[in-house]
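What follows draws every value from the coordinates through simple rules; no lab data is involved. The structure displayed is predicted, hence computed values, not measured ones. No Cβ is skipped: glycine too gets one built from the backbone with ideal geometry, and neighbour counts run over all protein chains shown.
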Amino acid sequence: MAGGKRLFFDIDDVLFPSTEFSTLARRNALNAIIEMGLDVSYSGLEKALDKVIEVKGSNYPNHFDALLERLGVEERAKYVAAAVGAYHDTKAAIHPYPDVPLTLLKLRGKYALYAASDGIAVKQWDKLIRMKLAMFFERVFVSEDTGVQKSPAFYRKIAKLADAKPETCVMIGDREDKDVLAAKSAGWKAVRVRRRGSKYSSGKSAADAEIGTLAELEKALDGI
């Protein structure tokens, strides 16, 4: 079944260090707010932003507006502009894990490759384009476009969109709940990626294979 497999890759913390990037980008944004003259400590801003993200979710588009509103700042425009500018400047640091480009290049000659991710479509495409990875994938499926968050329904839907039988589909991701259990519930195979330092690297897994880097994926697929 090797040649008939369809490989679906999660993006965040699988193709690039998303958690590391988010931490750096938010730090730069908060420092930019302070540099614009807001009299609040960094720790105070960080705690308030954490609360905003907890309430609004990580994909909410106006985190900094909500942060400043939470702090009671009335004239917010210059602080928001500084924060957004610093955040976007940090996108220059978006690079794939070193093992990713060569692995995708090798696999592309043997399998059909897709990306499958939760999130906002424009943001996920932005990452793939900045990393020069978009060309490797036949299609990119993002929950915003499909109308379904990662779940068995998400995997059933994108298998149909890819014109693929579930038993030929393999999800490669780092999360046990969204990438392994949900995919397997839809009749897929799953590979759990346990990158060092990832917040989702621990715990038992029901995956058909487990790898530490994508460089190990080709060998793991031979056993599925």
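Listing for the model above:
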| read-out | value |
| --- | --- |
| Projected area, mean over directions - region 57-118, Cα convex hull, nm² | 6.1 |
| Per-residue ³J(HN,Hα) for region 89-104, Karplus 6.51 cos²θ - 1.76 cosθ + 1.60, θ = phi - 60°, Hz, x for Gly and Pro | 4, 5, 4, 5, 8, 6, 9, x, 4, x, 7, 6, x, 5, 4, 5 |
| In nm, spacing of pseudo-spin labels at E35 and V55 (7 Å Cα→C-beta vector) | 2.8 |
| Exposed-loop-free span, longest in the chain, where trypsin sites (Lys or Arg not before Pro) count as exposed if DSSP calls them loop and at most 13 other C-beta atoms lie within 10 Å | 1-109 |
| Computed FRET value (nearest 0.05) for A206 with N62, which takes r as the C-beta separation and R₀ as 45 Å | 0.75 |
| Fraction of the pair-distance distribution of the chain above 30 Å, Cα-Cα pairs, percent | 30 |
| Computed Kirkwood radius, in angstrom, where 1/r is averaged over Cα pairs of region 105-224 | 14.7 |
| Debye intensity ratio in log₁₀ form over the Cα atoms of region 20-92, taken at each q of 0.13, 0.16, 0.17, 0.23 Å⁻¹ | -0.31, -0.48, -0.54, -1.05 |
| Relative exposure of S43, S201, S18, judged by other C-beta atoms within 10 Å (fewest first) | S43, S201, S18 |
| Burial ordering of I172, I158, fewest other beta-carbon atoms within 10 Å first | I158, I172 |
| Sequence of L214, L181 once ranked by neighbouring C-beta atoms within 10 Å, starting from the fewest | L181, L214 |
| GNM result for the chain, Cα springs below 10 Å: residue of V14, V80, V142 fluctuating most strongly | V80 |
| Cα long-axis angle, helix 18-35 against the chain (0 to 90 degrees, to the nearest 10) | 10 |
| Pairs from K56/K184; K123/K165; K47/K189; K78/K127; K5/K51 whose Cα-Cα separation, in the structure shown, is over 32 Å | K47/K189; K5/K51 |
